[in-house]
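Just below is one structure, and these are the notes that go with it.
The values are calculated or read from the model by the stated rules, or taken from the named source; none is laboratory data. Keep in mind that this is a model prediction, so the values were computed, not measured. These accessible areas exclude ligands, DNA and RNA; they are computed on the full protein's heavy atoms, side chains included. Shrake-Rupley method; radii C 1.70, N 1.55, O 1.52, S 1.80 Å.
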Amino acid sequence: MSGGPRPGLPDQPRWEGHAKGSSAYGKVLGGLAFAGVATFAQLYSTQAVLPVMAAELRVTAAEAALTISLATVGLAVTVIPWSFLADRIGRVRAMAWGISAATVLGLLVPLATSFPMLLGLRMLEGMALGGIPAIAIAYLNEEINRAHAAMAAGSYVAGTTLGGLAGRLVAGPVGELWGWRAAAFAVSVLATVAAVLFLVLVPQARGFSPAKASGFRGAARTLAGHLRNPGLLALYVQAFLLMGGFVAVYNYLGFRLSGEPFSLPATVISLIFLAYLSGTVTSRWAGGLTQRFGRRNVLLAGILLMSAGLALTLTQVLVLILAGLVVFTGGFFAAHSIGAGWTGAIAVSGRAQAASLYNLAYYLGSSIIGWAGGLVFQSLGWTALAVTVIALGCTTAVITAVVHPASAGNPAPRPPHAARRNNPAGQQNPAGG
């Protein structure tokens, strides 16, 4: 039987992860869902009030968007150091440190006395939040039974969409009534509550084994090995291009809707983030569909939905713009949930670092393309920005189709006993997703 004793080897049964439906499975997903709320409510808390912030601070749209871009830059540059720290001290402890530090910094943001200080605090906040996304995916791949890993990753991404939505829905109305400082404070309070619930719910790791410090050369070898893997590299390109286009759309659509011919107030504009609910649904739905169609096909379908939805926003009809945003958002989160979970399935070692490189690309895309999209929007208008993002999606689809064969990402057959047994101790299955 798998994990049983073998001649000449110690009896060390192999940990196969919590099965779907178990109490621990529910606590893992619940805890990480609250971590997603705490992380993404804070990370994008200023997005719903960018027009208000630009007016109050007398800065341009692209300058106001730096409050998003620098936070995501901070996250991007720290996800890899956080992943190596998590290999030493444990996934749960590293996530707890990161989420606690980010909560404190978030409460300091409304006290910023100048725009440069605001940007500095936002960058530090992002650096603290770097301890969550990549580690969460590695933790899932170690703690959840392989048969349900893709669905669990989808559930985690669904939690991140709810976090992003909650932060924006709180910030928009509060910002219109009392200014961006009150909006930032309200979101920080929400994130604090979510962080406490994460700390209470999340179970201690059972599939984690501390890694010995390998030094700079060892770390570089691990990262270089992932970057030489074409399958992983394609996922990193996908993360960079799709996330960059996604953030650019949400950063500047509010400016479009606040101007002529729409002239919508900030509270109404903040309701566009309800489109995130489509991502909550499709990220879980996409995880389930991988069992039938494979990761590759579901990822390509998500990109197709993104492009089709964004094409609808080229009209001047508000209802069609909003419908297109819903489709665009659902497609993005379907693709993202597949990409985020697929890194752990492809990487047979150094999973935390593989996930960290995905997040590095993801948030660099958010920072660079999310900011640069403002230059396109300010110079050439919404149509040019939307067409640019569609082109990024098409490029991603071509790369994915070429690098991953038609059978890529299909669920592998499992031994008959594997679904029946969860071992109480031992190492993770290196082939687990």
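Condition test on F208, is it open to solvent by 30 Å² or more (accessible area, probe 1.4 Å), over 21 Å from F333 (Cα atoms) and either part of a helix (DSSP H, G or I) or at pLDDT 90 or above (or both)? So that I can check it myself, show each step before the final result.
Numbers: open to solvent by 30 Å² or more (accessible area, probe 1.4 Å): yes; over 21 Å from F333 (Cα atoms): yes; either part of a helix (DSSP H, G or I) or at pLDDT 90 or above (or both): no.
No, not satisfied.
Considering only the range 27-61, how many residues are open to solvent by 10 Å² or more (accessible area, probe 1.4 Å) and more than 18 Å from the chain's Cα centre (by Cα)? Residues in the range 27-61 being open to solvent by 10 Å² or more (accessible area, probe 1.4 Å) and more than 18 Å from the chain's Cα centre (by Cα): 11 in total. Within the range 20-69, being part of a helix (DSSP H, G or I) and aromatic (F, W, Y) holds for Y25, F34, F40.
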